[in-house]
Amino acid sequence: MNKLTIPDHWLTDVVDVTLVGLGGTGSAMLTQLFQLHGILKRLGGKGLRVTAIDGDEVSHSNVYRQNFWSHDIGKNKAEVLISRFNMFGEINWKAVPEFITGSNLHLLRCDLLITAVDKASVRYDIGVHLNKLQSQGLWLDLGNNDFNANVFIGSQALSKTESFHVPSPFELFGTQWQSLTPTEDDTPSCSTEEAISKQTFGINNLTATSAASMLLFPLFRTGSIDFHGLYIDVKTGNISSVPVHPDQWAALGYA
């Protein structure tokens, strides 16, 4: 059976994680990473070393929907959350208060890259950059709209050293991301009601929790997983998995 496996050093060393995007799904994912870090250390592992990247500030519409409080409004999202976890969690993670652009893509070098960004163009630029570098490690992409979410983990880029290549999110969805770029909406939500119309309550937490519990924890615990993608629909209550198999990738247009 085909499997996605982790590099051997993940089982013996601290794993460097870079999380891009601290909005609804990203802020929920950071909480999952903190809990996963603690669990892995209790189980005898070295845990995680996380760098969180986001140039956005907390707005009024973020409170309650995302992991922010009223007194966080106006402050940088990455700095707020990382300082909170560092203060109360006895860790020393890093915040980078910047948006990912062409000038700072070097910040993405890590063992595990997690993207939770709104813009397809940012995902596309990241994918192009990682392919140029033939980056090693894994890439977990979290994306959702109003009632649906897609979660996929694969290689960061095509590597000549892999005996069995699991495509990156860019290889599977890069063409779709590129086609969506011209229609991107740069306008932030001004109210909670407007924000909820774009992403229903709970979809972000469910996306992050599913990624952590169904993909990341089994990977760290056993070293491999049989499926590497999830489709989540909160309207129907369905979560379906995507096996690690070339036939599944072909259905997505990957040759």
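The values are calculated or read from the model by the stated rules, or taken from the named source; none is laboratory data. Every value quoted in this text rests on a predicted model; they were computed, and no experiment measured them. As a convention, Cβ positions derive from the backbone with ideal geometry for all residues, glycine included, and neighbour counts pool all protein chains shown. Just so you know, the surface numbers come from the protein's heavy atoms only, side chains and all, with ligands and any DNA or RNA stripped out. Shrake-Rupley method; radii C 1.70, N 1.55, O 1.52, S 1.80 Å.
Being open to solvent by less than 70 Å² (accessible area, probe 1.4 Å), over 20 Å from LEU140 (Cα atoms) and under 21 Å from the mean Cα position of the chain (by Cα): is that true of VAL80 here?
yes
Give LEU112, LEU48, LEU133, LEU108 a once-over and let me know the one that is within 24 Å of PHE152 (Cβ to Cβ), touching a His at 6+ places or on another chain (Cβ under 6 Å) and either touching a residue at least 12 places away in the same chain (Cβ under 8 Å) or among the polar types (S, T, N, Q) (or both).
So the residue among LEU112, LEU48, LEU133, LEU108 that is within 24 Å of PHE152 (Cβ to Cβ), touching a His at 6+ places or on another chain (Cβ under 6 Å) and either touching a residue at least 12 places away in the same chain (Cβ under 8 Å) or among the polar types (S, T, N, Q) (or both) is LEU48.
Only one of (1) among the hydroxyl-bearing types (Ser, Thr, Tyr); (2) under 20 Å from LEU140 (Cβ atoms); (3) open to solvent by 20 Å² or more (accessible area, probe 1.4 Å) fails for SER103. Which number is that?
Among (1) among the hydroxyl-bearing types (Ser, Thr, Tyr); (2) under 20 Å from LEU140 (Cβ atoms); (3) open to solvent by 20 Å² or more (accessible area, probe 1.4 Å), SER103 violates only (2).
Give, as residue ranges, the strands (runs of 3 or more DSSP E) completely inside the stretch 68-160 that count at least 2 residues that are out of contact with any Ser or Thr (no Cβ under 7 Å at 6 or more places or on another chain).
Here the list reads 112-115, 138-144, 148-155.
Those residues that are more than 16 Å from the chain's Cα centre (by Cα) and of a type in the set (A, V, I, L, M), I need them from the stretch 83-95; list them, please.
MET87, ILE91
Looking at (1) among the small types (Gly, Ala, Ser); (2) within 23 Å of TRP139 (Cβ to Cβ); (3) touching a helix residue (DSSP H, G or I) at 6+ places or on another chain (Cβ under 6 Å), which one does GLY55 not meet, given that it meets all the others?
Result: GLY55 fails condition (3) only.
Could you tell me which residue of the stretch 50-67 is nearest to the chain's Cα centre (by Cα), considering only residues that are of a type in the set (D, E, K, R) and assigned to a loop (DSSP other than H, G, I, E, B)?
This residue is ASP54.
Do any residues in the stretch 225-250 that are under 19 Å from PHE201 (Cα atoms) and open to solvent by less than 70 Å² (accessible area, probe 1.4 Å) have Cβ atoms under 9 Å from those of residues that are among the hydroxyl-bearing types (Ser, Thr, Tyr) and part of a loop (DSSP other than H, G, I, E, B), where the two are at least six apart or on different chains, and which pairs are they?
These pairs meet every condition: VAL234/THR200.
Hey, can you tell me all the residues within the stretch 116-126 that are open to solvent by less than 20 Å² (accessible area, probe 1.4 Å) and either farther than 26 Å from ASN205 by Cβ or among the β-branched types (Val, Ile, Thr) (or both)?
ILE126
Given LEU107, LEU138, LEU133, which one is out of contact with any Phe, Trp or Tyr (no Cβ under 8 Å at 6 or more places or on another chain) and closer than 22 Å to PHE220 by Cα?
Just one listed residue meets the conditions, LEU138.
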